[in-house]
Structure formats: structure tokens, C-alpha cells
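Worksheet: the structure to be examined is printed underneath.
The values are calculated or read from the model by the stated rules, or taken from the named source; none is laboratory data. Note that the coordinates shown come from a computational prediction; the quantities given were computed from them, not determined experimentally. Every residue, glycine among them, receives a Cβ derived from its backbone with ideal geometry; neighbour counts consider all protein chains shown.
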Amino acid sequence: MRLCGYSDQQIAQVADWRRSTFFDDRQRAMLGYVEQMANGGNVDDPTFADLSRFFTPQQIIEISYAVGSYYSTGLLTKALKILVETDGRLTVPGEC
């Protein structure tokens, strides 16, 4: 999240983003979409319409692909019982 410009306050409050005052309307639209997509993929029409106000179709596809990739990686990791690395390695930062 830091790589994408989110503040420490936003990172700390992302789990409670609906009640937080640290997110703007664009961020709330994305968080609402991501939340619904990650919780079964049933995105309701108002949430998708809200997302569409702030993001292009290509950006929506990219957001959707990223959420799906992260979610599927978590499922595979859990199913294969892959343990979290504890040797202090950091991941390589990507792009926002």
C-alpha cells in the first residue's frame, strides 16, 4: 500500500475503511469493489457503478485481475500448506 501512496494511517485503518476518515471517494470505491470481489465475487450494481465513476474499463480489469491473483495465491498457499518465510527476506517491490 505504501508503494501506491497510501499513508500509515490508511494502512492501519484499511480493515475498517468504511468508518475511517482517511480514504477519499475514489479509494472507497476501489475498496468496496475489492471487498465484494474477494468475498465471493458477487459485486452488486451500485458498487460497480461507483467504481466505474473513477476507473477506466482497463483499470477495472487490472484491479480485478490483481484481486483474483492475490486471492487464488492465498487459496493455493493454504491448500498446499506452504508456510510463511521467517528468514527475514523481503519481497521485491513491484508497481502500484
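In the set 84, 67, only one residue is hydrophobic (A, V, I, L, M, F, W, C), at pLDDT below 95 and more than 14 Å from the chain's Cα centre (by Cα); that residue is 84. Of the listed requirements (1) of a type in the set (A, V, I, L, M); (2) touching a Gly at 6+ places or on another chain (Cβ under 8 Å); (3) surrounded by fewer than 17 Cβ atoms within 10 Å (Cβ to Cβ), residue 49 misses just one: (2).
In the stretch 62-81, is there at least one residue being among the β-branched types (Val, Ile, Thr), assigned to a loop (DSSP other than H, G, I, E, B) and without any contact (Cβ under 8 Å) to a residue 60 or more places away in the chain? For the stretch 62-81, residues among the β-branched types (Val, Ile, Thr), assigned to a loop (DSSP other than H, G, I, E, B) and without any contact (Cβ under 8 Å) to a residue 60 or more places away in the chain: absent. Applying the criterion of being closer than 18 Å to residue 35 by Cβ and free of Cβ contacts under 8 Å to residues at least 12 places away in the same chain to the residues of the stretch 7-17, the residue that is surrounded by the most Cβ atoms within 10 Å (Cβ to Cβ) is 13.
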